[in-house]
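Here the structure is laid out as structure tokens; the discussion comes afterwards.
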Amino acid sequence: MVDARAEQDGSPVPAETLAEAGLRLDVAGPVATITLDRPDKRNAMTFAMWRTLARIGETLPGSVRVVVVRGAGKAFSAGIDLGMFNQGPSGEDPQEADRFIAELQAGYLWLRRPEIVSIAAVHGYAIGGGFQLALACDLRVMTDDAWYCMKEPTLGLVPDLTGTKPLVDIVGPNRAMDICLTARKVPAAEAERLGLAERVVPAAELDTAVDELVSALLAVNAEAAVATKRLLRQAPSNTLEEQCAAERREQLARLRALSASS
């Protein structure tokens, strides 16, 4: 059940829950903006933050078509809060550890749903879990001085917040290995060249660029956008024949809907 106070401020999650997790959520009609709000910690991410992101996904109003994810302060996110290392699963109970990590991954998975288009507005840097959050989004707008870094292997860990598949899908396994196993910085210009950023803009123009992208997305027929995203998401794993059949199914559904509304 949605908290009454949450309904009043346009958020489906209580404000105190969001604040405790280091998040802000603003819902304005078809647009939801999620802000990582721990600027004094460079928006370092915690278990509570990831679980609350999942809760946002579970309770997001059906009227929302676009979700913008951004960071407060000087950076998008410094990745995992290193103070949590002793609070996570040890791996001694594999089933419990598996459930624990799956709960955290849920905070990222919903950003790929076909009924929304998700945008990461990246400034400063996006490291580790922050980089994976940007990868979880459909589109990424970066400032020209921003950079990515997949730092988990230097900590003795692996990227486990749904980031390895989109990274490999976008840049291929060899470049993904270079990025992950060296934990090097990937500056915005390279990110754009590799397909890890759809737009790169001067820092002062980030808000304007995101607003323009949101407006362009909202100008498209909502049902057609959902069907098209669904098609595009399944295309990499489909054969040509399977994708052609999927296109036919989606188009027939659209034609029936348009006929019924005329």
(request) Inspect all residues belonging to the range 230-252 and state whether any of them is surrounded by 12 or more Cβ atoms within 10 Å (Cβ to Cβ), at pLDDT 95 or above and not in a helix (DSSP H, G or I). (result) yes
(message) Looking for something within 15 Å of the chain's Cα centre (by Cα) and either assigned by TED's automatic domain parsing to the domain that holds Glu152 or under 22 Å from Pro14 (Cβ atoms) (or both) - is there at least one such residue anywhere in the range 87-103?
(response) no
(message) What's the total number of residues in the range 118-135 that are surrounded by fewer than 24 Cβ atoms within 10 Å (Cβ to Cβ) and of a type outside the set (Ser, Thr, Tyr)?
(response) 2
(request) Among the residues of the range 25-54, count how many are within 22 Å of Ile127 (Cα to Cα), in a strand (DSSP E or B) and β-branched (Val, Ile, Thr). (result) 3
(message) For the range 200-225, give me the residue count where each residue is among the hydrophobic types (A, V, I, L, M, F, W, C), in contact (Cβ under 8 Å) with a residue 40 or more places away in the chain and farther than 16 Å from Ile116 by Cβ.
(response) 5
(request) For the range 189-228, name all the residues that are of a type in the set (Lys, Arg) and either surrounded by fewer than 14 Cβ atoms within 10 Å (Cβ to Cβ) or assigned to a helix (DSSP H, G or I) (or both). (result) Arg193
(request) Could you list, in sequence order, all residues of the range 150-173 that are small (Gly, Ala, Ser) and more than 20 Å from Leu53 (Cβ to Cβ)? (result) Gly156, Gly172
(message) Scan the range 85-105 and tell me whether some residue there is touching a residue at least 40 places away in the same chain (Cβ under 8 Å), assigned to a loop (DSSP other than H, G, I, E, B) and exposed (fewer than 15 other Cβ atoms within 10 Å of the Cβ).
(response) yes
(request) Kindly indicate the residue of the range 147-177 that is in contact with a Gly (Cβ under 6 Å, 6 or more places away or on another chain) and either among the hydroxyl-bearing types (Ser, Thr, Tyr) or assigned to a loop (DSSP other than H, G, I, E, B) (or both) and also surrounded by the fewest Cβ atoms within 10 Å (Cβ to Cβ) among those meeting that condition. (result) Lys151
(message) Among the residues of the range 55-68, are any at pLDDT 95 or above, among the polar types (S, T, N, Q) and either in a helix (DSSP H, G or I) or outside the structural domain of Gln105 (by TED's automatic domain parsing) (or both)?
(response) yes
(message) When the residues of the range 140-169 are narrowed to those that are modelled with pLDDT of 95 or more and small (Gly, Ala, Ser), which ends up nearest to Tyr108 (Cα to Cα)?
(response) Gly163
(message) Can you pull out every residue in the range 8-24 that is assigned to a helix (DSSP H, G or I), in contact with a helix residue (DSSP H, G or I) (Cβ under 7 Å, 6 or more places away or on another chain) and surrounded by fewer than 21 Cβ atoms within 10 Å (Cβ to Cβ)?
(response) Ala15, Thr17, Glu20
(request) Looking only at the range 253-262, count how many residues are of a type in the set (D, E, K, R) and loosely packed, with under 13 Cβ neighbours inside 10 Å. (result) 1
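Condition check ((1) in the same structural domain as Gly62 (by TED's automatic domain parsing); (2) of a type outside the set (Gly, Ala, Ser)) across all residues:
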position: Ala189; (1), (2): yes, no
position: Arg193; (1), (2): yes, yes
position: Pro202; (1), (2): yes, yes
position: Asp211; (1), (2): yes, yes
position: Val226; (1), (2): no, yes
(request) Sort out which residues of the range 178-217 are touching a helix residue (DSSP H, G or I) at 6+ places or on another chain (Cβ under 9 Å) and of a type in the set (A, V, I, L, M, F, W, C), and write them in order of number. (result) Ile179, Cys180, Leu181, Ala183, Val186, Leu194, Leu196, Ala197, Val200, Val201, Leu217
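The values are calculated or read from the model by the stated rules, or taken from the named source; none is laboratory data. A quick note: this is a predicted structure, and the numbers were derived from the prediction, not measured. Here the Cβ is made from the backbone with ideal geometry for all residues, glycine too, and neighbour counts use every protein chain on show.
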